[in-house]
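Have a look at this one before I ask anything.
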């Protein structure tokens with residue numbers, strides 16, 4: 001990359017970083033507090049958080065189960081230790097306070113800024129990887145603008161404060177390594193990602209079938225499973241852990257939407273999509289660019305399930321890559337964005353929008369959700385279904401175009 005190109009990107013990246021720091025500090029979702037309340041036990045020597053919470057439910061100020069794979073606990077628990085050092089005893093008191101003042105503190109902006117700081121690093125890492133994958137200096141400027149200033153990433157990462165950007169960074173890294181033929185490392189990163197959120201396991205077979213011989217197939221298979229299992233070893237025999245994993249939202253949601261074929265049976269739409277994508281991928285397995293596969297499998301979870309708002313981050317890097325390559329998709333991408341925000345804002349939870357402003361003004365907590373407001377004049381479920389239909393239709397069109405654009409080796 002030439003010096004003028006670097007200067008051009010810097011002119012975009014610097015204000016984007018400032019914007020992200022502002023969003024990090026200003027907005028609060030209670031999930032980030034719950035994450036760090038639960039992972040703080042690591043500094044006290046608790047390795048199996050699932051059993052610890054189950055055994056001490058009546059003694060803890062918050063007894064919600066830890067509903068994520070163990071990789072989250074060790075990763076966020078490590079950052080929590082750093083945050084404790086930086087923020088001091090007031091932070092510890094705040095994360096353990098689940099009374100009337102649970103969602104407020106004079107140092108809330110500072111707490112949010114520190115807790116979300118790793119998201120910024122991963123966000124910029126994703127941008128760097130997208131530029132490497134894109135391989136086009138002419139479009140890198142546009143790619144940077146699309147990634148850094150799109151409202152979806154600002155909302156899902158910095159307003160909601162969710163951890164999905166961690167897995168997004170790992171899956172984009174895996175995509176990059178696959179294009180370089182480094183399948184073992186690509187599989188390892190997907191395994192590690194699955195130890196944080198399970199969806200990267202859905203992508204792992206698509207990397208493995210790129211193997212050119214049995215040795216490479218065995219190597220990538222073993223490394224993928226190793227990355228997944230290693231963080232789980234300390235808790236894998238725990239009944240509380242197994243119970244949590246079998247009740248995960250992803251496991252339930254991807255099988256929920258289906259095509260009825262009898263009174264007792266239905267065909268899960270996501271499974272149909274996965275199988276079709278796998279067979280298509282087999283036919284193009286000499287092509288090292290897995291963007292159509294990664295986009296299809298991550299975006300389809302959002303299209304065909306009762307998704308969580310932050311799940312869109314799984315597919316957003318791949319959507320940006322496709323949009324940079326195919327300018328004709330602009331209207332469809334805008335429709336997808338409208339469908340996404342319309343569906344999300346009609347979730348009956350004030351913390352998808354108004355509640356996020358509670359750290360700025362605690363009065364935001366008394367605002368009803370948009371769902372409750374619409375309910376007084378119309379049927380919010382029907383309107384939400386219309387938005388989800390727009391999201392699904394535009395998403396299907398994007399996926400079809402992804403396969404067309406990348407069908408050649």
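No value in this document is a laboratory result; all are computed from the given coordinates. Source: prediction; values computed, not measured. Here the Cβ is made from the backbone with ideal geometry for all residues, glycine too, and neighbour counts use every protein chain on show.
So how do 338, 39 line up by other beta-carbon neighbours within 10 Å, fewest first? List each step's numbers first, then the result.
Numbers: 338 14, 39 24.
By the 10 Å Cβ count, ascending: 338, 39.
When a footprinting reagent is the concern and you count Cβ atoms within 10 Å, what order do 210, 142 take, fewest first? Before the final figure, lay out the partial values.
Working: 210 22, 142 16.
By the 10 Å Cβ count, ascending: 142, 210.
Using packing as a proxy for protection, rank 228-237, 147-156 so that the peptide with the highest average count of other Cβ atoms within 10 Å comes first. Mind showing how you got there, number by number?
Values: 228-237: 15.9, 147-156: 19.2.
Ranking the peptides 228-237, 147-156 by packing returns 147-156, 228-237.
Would you kindly state how much longer the chain becomes between residue 377 and residue 230 on full extension, computed as 0.36 nm times their sequence separation minus their alpha carbon distance, in nm to one decimal?
Details: separation 147, 0.36 × 147 = 52.92 nm, distance 5.24 nm.
Full extension from residue 377 to residue 230 adds 47.7 nm.
Could you give the C-alpha radius of gyration of the stretch 1-90 expressed as a fraction of 2.2 N^0.38 Å, taking N as the number of residues it contains?
On the way: Rg = 18.6 Å, N = 90, 2.2 N^0.38 = 12.2 Å.
After normalising by residue count via 2.2 N^0.38 Å, the value is 1.53.
For residue 19 and residue 256, compute 0.36 nm times the residue count separating them, minus their Cα-Cα distance, and round to one decimal in nm.
Working: separation 237, 0.36 × 237 = 85.32 nm, distance 3.78 nm.
Contour length minus the Cα-Cα distance gives 81.5 nm.
Cα centroid distance between the stretch 252-329 and the stretch 56-88, in Å?
Computed from Cα coordinates, the inter-centre distance equals 32 Å.
By how many degrees, between 0 and 90 and to the nearest 10, does the Cα long axis of helix 330-345 differ from the longest principal axis of the chain?
So the helix axis and the longest Cα principal axis differ by about 30 degrees.
If I model a spin label at residue 141 and residue 214 as a point 7 Å from the Cα along the Cα→Cβ vector, what separation in nanometres do I get?
5.4 nm
State the extension gain, in nm to one decimal, for the chain segment bounded by residue 64 and residue 34, taking 0.36 nm per residue of separation less the distance between their alpha-carbons. Walk me through the intermediate numbers first.
Working: separation 30, 0.36 × 30 = 10.80 nm, distance 0.85 nm.
Here the answer is 10.0 nm.
Can you tell which of 354, 214, 255 shows the greatest fluctuation in a Gaussian network model of the chain with Cα springs below 10 Å?
With Cα springs under 10 Å in the chain, the top fluctuation among 354, 214, 255 is at 214.
Express in % the proportion of alpha carbon pairs of the chain at distances exceeding 39 Å.
Details: 15083 of 83436 pairs.
Value for the chain (Cα pairs over 39 Å): 18 percent.
Do you know the relative contact order of the chain, to the nearest whole percent, from alpha carbon pairs under 8 angstrom that are 6+ apart?
Numbers: 552 pairs, mean separation 75.3, N = 409.
It rounds to 18 percent for the chain.
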